[in-house]
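Colleague: Below you will find the structure I want to go over with you.
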Amino acid sequence: MPCMIRFMLTRLATGFAIGCAVGFFVWQNGFAAAGTLENYLAQGLFIYLFASTVSVGYLATALLLEE
């Protein structure tokens, strides 16, 4: 696998994991008024919202700072 593709996939996966953790933490602590804990579809979409945003931001920051 080319070096750039491996770099991008690892940064996207790392950012996605961080975003999932943050989204789950925000949902569990009730910072968001997205619904109850029984609403699994809303919870999944809420966590995916955080994960996708953080993963793209993490990748962009890594590409910017990589020398």
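Colleague: For a quick check of your reading of the model, give me the residue pairs whose first member lies in segment 14-30 and is assigned to a helix (DSSP H, G or I), whose second is among the hydroxyl-bearing types (Ser, Thr, Tyr), with beta-carbon atoms closer than 6 Å and at least 6 apart or on different chains.
Modeller: Gly15/Ser55; Gly15/Tyr58; Phe16/Ser55; Gly19/Ser55
Colleague: Just to be sure before I move on: is Ile18 among the aliphatic types (A, V, I, L, M), surrounded by fewer than 12 Cβ atoms within 10 Å (Cβ to Cβ) and modelled with pLDDT of 85 or more in the structure I sent?
Modeller: Considered against the rule, which asks whether it is among the aliphatic types (A, V, I, L, M), surrounded by fewer than 12 Cβ atoms within 10 Å (Cβ to Cβ) and modelled with pLDDT of 85 or more, Ile18 comes out as no.
Colleague: Do any residues in segment 31-54 that are surrounded by 12 or more Cβ atoms within 10 Å (Cβ to Cβ) and at pLDDT 85 or above have Cβ atoms under 7 Å from those of residues that are part of a loop (DSSP other than H, G, I, E, B) and of a type outside the set (Val, Ile, Thr), where the two are at least six apart or on different chains, and which pairs are they?
Modeller: Phe46/Ala32; Phe46/Ala34
The values are calculated or read from the model by the stated rules, or taken from the named source; none is laboratory data. All of these numbers come straight from a predicted model, not from anything done at the bench. Every residue, glycine as well, gets a Cβ built from its backbone with ideal geometry; the counts of neighbours run over all protein chains shown.
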